[in-house]
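Report on one structure; see the data block that follows.
Bear in mind that the values in this text are calculations on the coordinates, not laboratory data. From a predicted model like this one, the values you see are computed outputs, not experimental measurements. A quick note on method: Cβ atoms are made from the backbone with ideal geometry, for glycine too, and the neighbour counts reach across all protein chains shown.
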Amino acid sequence: MRSSKTIYFTSVTGYAIIIVKLVMRVLDIPRSGKRGNRVWQRNRYCQYSYPVFVPFNPRTPAQVAVRAHFGAVSARWRTLSEAQRQVWMAVASTMKTKPRLRQCGRLPGFNFFVKTNVARVNRGLAQVDLPLEFLRALEAAAANRLDVGGFNQPPIGPELFLRAQRLLEDGRDHPEEFLAGVLARAG
């Protein structure tokens, strides 16, 4: 942390004007969030901090409604069956969180459920018990399923969709390793 003072004198009054400028350049590990009496954030230029303050909470009807929607969606998660939760977790594991401090990870199932359903409820749509990606995969599988007499076709659908998503994601994240694995299997 650097602090620099600039002193200006006025010739008319004879008083000194002192301007203090704080430059919070941190040469430390990246931080984010509240730490003690400071809040740390990062923008595209640098990491910075400012004193903690309590934000004004006007409790407008719109704000109260959105918070009620959030609570209703969270309560709905607790009513889902374990199989439905597993589907949300499986689909969410194919997605990544928004980068924070240049890091991102797998999205938890609960967070994906809340993200999907709060947006729907805020637009006046009904909540969904299964992810839309899962339902689309089921519809696509049903549309492409071949009915060939006594031939038992292996199951096509959500599991295949999730495996393909992970494979494509690994290919985007680590193209060298992905291509090396594909060429090794082909050769």
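Quick look at the numbers
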{"quantity": "Efficiency of FRET from Cβ geometry, Tyr45 and Ala75, R₀ 41 Å, rounded to 0.05", "calculated": "0.50"}
{"quantity": "Note, ³J(HN,Hα) from phi for region 118-130, Karplus 6.51, -1.76, 1.60, rounded to Hz, x at Gly and Pro", "calculated": "5, 4, 5, 5, 5, 8, x, 9, 6, 6, 10, 8, 10"}
{"quantity": "Residue-span extension gain [Glu82 to Thr97] - 0.36 nm each, minus C-alpha spacing", "calculated": "3.1 nm"}
{"quantity": "Sequence of Phe70, Phe56 once ranked by neighbouring C-beta atoms within 10 Å, starting from the fewest", "calculated": "Phe56, Phe70"}
{"quantity": "Distance from region 114-138 to region 72-105 (C-alpha centre basis), Å", "calculated": "12"}
{"quantity": "Proxy reagent accessibility, fewest Cβ within 10 Å first, across Phe134, Phe53, Phe113", "calculated": "Phe53, Phe134, Phe113"}
{"quantity": "Projected label distance in nm at Arg136 and Ala119, using a 7 Å step from Cα toward the beta-carbon", "calculated": "1.1"}
{"quantity": "Other-chain or far-sequence residues with amide H under 5 Å of Val39's (modelled H)", "calculated": "Tyr50, Val52"}
{"quantity": "Proxy reagent accessibility, fewest Cβ within 10 Å first, across Trp77, Trp88, Trp40", "calculated": "Trp77, Trp40, Trp88"}
